[in-house]
Amino acid sequence: MNSPLLQVTDLAKHYPVAGGRTLRAVNGVSFTLRAGEVLGVVGESGSGKTTLGRVVLRLTPPSAGEIVFRGQDVTHLSRRALRKVRRHMQLVFQDPYASLNPRMSVEQILAIPLQVHEPSLGRADRRSRIEEMLRTVGLFAEAADRYPHEFSGGQRQRIGIARALICRPELLVADEPVSALDVSVQAQVVNLLLDLRERLGLSILFIAHDIAVVGMISDRIAVMYLGRVVEIADTLSLFNRPRHPYTEALFSAVPDLGGRRDRILLQGDVPSPVSPPSGCPFRTRCRYAEPDCAVEVPSLVERSPGHLAACHRPELVLASPLSDVAPLPRLR
Amino acid sequence: MSAVAPSAAELPPPVLAAPSAARRPALRRFMRHRLAMFGLVAIIVLVVACALGPYLSPYGPLTIDLRHRFQPPFEGRHWLGSDQLGRDLLVRLLLAGRISLTVGFAAMGLSTAVGVVIGLVAGFYGGWVGTALMRFVDAVLSFPAIFLLLTLAALVSPGVLTITLIVALTAWMEVARVVEGQVRSLRERDFAIAAEAIGVSDAHLMLRELLPNIMAPIVVAATLNVARAILLESYASYLGYGIQPPTPSWGNMLNNAQEYLTSAPWLAIFPGAVITLAVTGFNFLGDGLRDALDPRLDVHR
């Protein structure tokens, strides 16, 4: 298929915490993102998915590992050197209220990326680019003259997407872009992202905690738990045959109108990433855990072509949403 | 109005910057703050009187009239009486006000500018630069301001310019701390990260994204700084290290009044009262601005 746009190898982000200990927010994550591909990243809060997105964009420096973007190693680029790369990689935020500067009009907000990356653009050209972009994300051109607080959550998220895409980046990191929105608006924004991906040839790293939403938009999905990728596969393969008990539990958490499935309720919270359990990080909440699971950390192993999972019990047959329930709708 | 309180509790935590339309409630809160309104009126009256008053008076501030020495106030030709040289106290008070208020505002401007720059740089870059700057702030803060002021004043020849500089040097630290704290927390906010992801320059991030969102606490700190500067200038001048006679300032008028405290108490009472009025006026104004601009600290209800 296509050459990788983004290649991440053994990426780690550690934070020092009180008592000389270390919080391992991202702990040895590797994946590739091909041009035009949507890679979903799912996990509970605290799984390190937001940190992963920020580190990939070099908004916070990685502790270890390597990030190769468009064939260039960006792991150790200086702030100054990063500025040139930034126009090709952009970010959409979870909270459309906090991510727009309340003191600036929409035109001012959208003008900044153009001023930074296309300084030769004249005033009138800039305005027409802004209006064009607003129409592209489904807003009126006149929205340029308004302020963020005059818009609804979904509209603001469209403004955030317009800001991210106005310089035509190749990579978009969407960090929970729909979880702050009403369900009806969620679908609109997901459809918008799919549409834009098609039209602009965008690659998206789509981060969310809701595996159903991730399944709608992603070509492939990486499941994260306590800073590690525990399973990564094509969306269909993952939904057909999950290979990790955590993935099974995530599927089981999706609301189900029929109520036929037995719920797998995960006990307790995610363990602290400051003192993760020995061996398999998921074993403390895993219904299939055995004493041996506490011995060593399972590594990601290819179980079928392109389908990797990190579990000590490959023989498990896990429940899937496609086997016993009507398939989750895939948009379009 | 009682309906306002519960609905405010349901809203998401106040957005960091009240957007243009939502600034009205701040204005309304400010107008309802009686002490702040009193402070504002007192300051306006003082400024206007000091600016225009001396032109309207028949007496010059340095006009000596030995036949009318120690005139008591509210009788005779001098409204507020006259001093040991027969100079009109009211004119001297207003002229001293020009000096004292000028020093107050200029020192405020200077200290706020210095504080904002240091706070911005320290909060923005953090790391060892931020640590070094903020420990320096702590070090300067640990000197009692009045001793620092007197030490510096003893080293240079006193005058309006030097006293402004010296007062400013002892007053910028609070602003720096406020700005540093705000910048450090705002930097982590999504809109700042968004600007960083776009790749804007550090100057753009600091001046266009962060600074406009911390204007409210800066204005509050600056207002309180005027009061502080007026007080410090008065200290220094009273102790003889500030504005030198015959140029009047509220502080050196008090100094001069000491000798006649029993025989002509009005010479001390009026400058003292004006200093109190100006300082409390600015303090009330600052408190009112704080309450109006930061609804979370609303303690008056």
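Among A:HIS209, B:HIS68, A:HIS307, the order of accessible area from largest down is A:HIS209, B:HIS68, A:HIS307, computed with a 1.4 Å probe on protein heavy atoms.
Taking all protein chains together and rolling a 1.4 Å probe, A:CYS286 ends up with roughly 30 Å² accessible.
Over region B:37-140, the alpha carbon radius of gyration divided by the compact-protein estimate 2.2 N^0.38 Å works out to 1.71. When shorter helices are ignored and each DSSP H run of at least 4 residues is given -39500 (n - 2.57), the per-residue value for the protein assembly as shown at 222 nm works out to -15000 deg cm²/dmol. The listed residues B:LEU169, B:LEU277, A:LEU181 rank as B:LEU169, B:LEU277, A:LEU181 when sorted by accessible area, largest first, using a 1.4 Å probe.
Of all beta bridges that DSSP places with both ends in region A:169-314, some 70 percent have antiparallel geometry.
Taken over the alpha carbons of the protein assembly as shown as equal point scatterers, the Debye sum produces base-10 log I(q)/I(0) values at 0.09, 0.10 Å⁻¹ of -0.85, -0.97.
Summarising the amide proton neighbourhood of A:VAL230: residues at separation of 5 or more, or on other chains, whose placed amide H is nearer than 5 Å comprise A:VAL223, A:MET224, A:TYR225.
Per residue, the convex hull spanned by the Cα atoms of region A:100-168 amounts to 74 cubic angstrom.
For B:ASP138, B:ASP190, the ranking by accessible surface with the largest value first comes to B:ASP138, B:ASP190, using a 1.4 Å probe.
Under 5 Å between amide hydrogens, built in the peptide plane, is the criterion, and for A:VAL26 it picks out A:LYS13 among residues at least 5 positions away or on other chains. Computed from backbone phi with θ = phi - 60° and the Karplus coefficients 6.51, -1.76 and 1.60, the 3J(HN,Hα) list for region B:148-157 is 4, 4, 5, 4, 5, 5, 5, 8, 10, 6 Hz; x is used for glycine and proline. Note on A:ARG135: accessible area is roughly 140 Å² with a 1.4 Å probe, heavy atoms of protein only.
Against chain B, whose longest principal axis is taken from its Cα atoms, helix B:215-238 shows a tilt of about 30°. Rounded to the nearest 10 degrees, the inclination of helix B:127-141 to the longest alpha-carbon principal axis of chain B is 20 degrees.
Total buried accessible area between B and A, probe 1.4 Å, nearest 100: 2200 Å².
Shown for the protein assembly as shown: the carbon plus sulfur share of the solvent-accessible area, taken with all protein chains present and a 1.4 angstrom probe, equals 59%. What longest range of chain A stays clear of loop-exposed GluC sites (Glu not before Pro) (DSSP non-H/G/I/E/B, at most 12 other C-beta within 10 angstrom)? No qualifying site falls inside A:1-295, the longest such stretch. Once the partner protein chains are put back, region A:98-127 shows a loss of at least 30 square angstrom of accessible area, versus the chain by itself, at A:ALA98, A:ASN101, A:PRO102, A:ARG103, A:MET104, A:ILE112, A:VAL116 (probe 1.4 Å, ligands and nucleic acids excluded). For chain B, excluding the exposed loop sites themselves (GluC sites (Glu not before Pro), DSSP loop, at most 15 other Cβ atoms within 10 Å), the longest remaining stretch covers B:189-301. Rolling a 1.4 angstrom probe over the protein heavy atoms with all chains in place gives region A:100-168 an accessible area of 41 Å² per residue.
When a/c reaches 1.5 or more, the comparison of a/b and b/c decides; with that in mind, is region A:1-152 rounded, prolate or oblate per its Cα gyration tensor? Here region A:1-152 falls in the prolate category. Treating each Cα of chain A as an identical point scatterer and ignoring solvent, apply the Debye formula and state log10 I(q)/I(0) at q = 0.07, 0.15 Å⁻¹. Each listed q corresponds, in turn, to -0.30, -1.28. Let me know the shape class of region A:1-63, please: from the alpha-carbon gyration tensor, a ≥ b ≥ c as square roots of the eigenvalues, rounded when a/c is under 1.5, otherwise prolate if a/b is greater than b/c, or oblate. Prolate.
Here the Gaussian network model covers chain A, with springs between Cα atoms less than 10 Å apart; of A:GLY43, A:GLY201, A:GLY20, A:GLY20 fluctuates the most. For the peptide B:184-195, the mean number of other protein chain Cβ atoms found within 10 angstrom of a residue's Cβ is 5.
Taking all protein chains as they are arranged and a probe of 1.4 Å, the heavy atoms of B:THR102 leave approximately 80 Å² accessible to solvent.
The values are calculated or read from the model by the stated rules, or taken from the named source; none is laboratory data. Model, not experiment: these values are computed from the prediction. All Cβ positions, glycine included, derive from the backbone under ideal geometry; neighbour counts span all protein chains shown. Side chains included, ligands, DNA and RNA excluded: accessible areas come from the protein's heavy atoms. Shrake-Rupley method; radii C 1.70, N 1.55, O 1.52, S 1.80 Å.
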